[in-house]
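The values are calculated or read from the model by the stated rules, or taken from the named source; none is laboratory data. Fair warning: this is a prediction, and the values are worked out from it, not measured in the lab. Note that each Cβ is placed from the backbone with ideal geometry, even for glycine, and that neighbours are counted across all protein chains shown. Each accessible area value is taken on the protein alone, full model and side chains, heavy atoms only, with ligands, DNA and RNA left out. Shrake-Rupley method; radii C 1.70, N 1.55, O 1.52, S 1.80 Å.
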Amino acid sequence: MRVLWAEWTKGAGTADGLNTWIERTFHASSLRFLTKGQGQKAITALKAMKARAA
């Protein structure tokens, strides 16, 4: 997930930025607190965001 975040932000994204996005989108305070289902949704969302940016 961190790799997808870095690719989407073109290397400018930080772990704090990823955590902020996770908190805003999935209401979990950190990547480590996501459930398996939320993690799968986050990966799908990041892939879609990356595809739209291309």
Practice problem: Kindly report, to the nearest 10 Å², the accessible surface of residue 20 as traced by a 1.4 Å probe over protein heavy atoms only. | Solution: 80 Å²
Exercise. Please sort by residue number the trypsin sites (Lys or Arg not before Pro) in segment 1-49 whose DSSP state is loop and whose Cβ has at most 10 other Cβ atoms within 10 Å.
Key: 10
Self-check item: Surface share of carbon and sulfur [accessible, 1.4 angstrom probe, percent] for the chain
Solution: 56 percent
Self-check item: Folded to 0 to 90 degrees: helix 36-53 orientation relative to the chain principal axis, Cα
Solution: 20 degrees
Exercise. Bin all alpha-carbon pair distances of the chain at 10 Å intervals from 0 and give each bin's fraction as a whole percent.
Key: 27, 59, 14
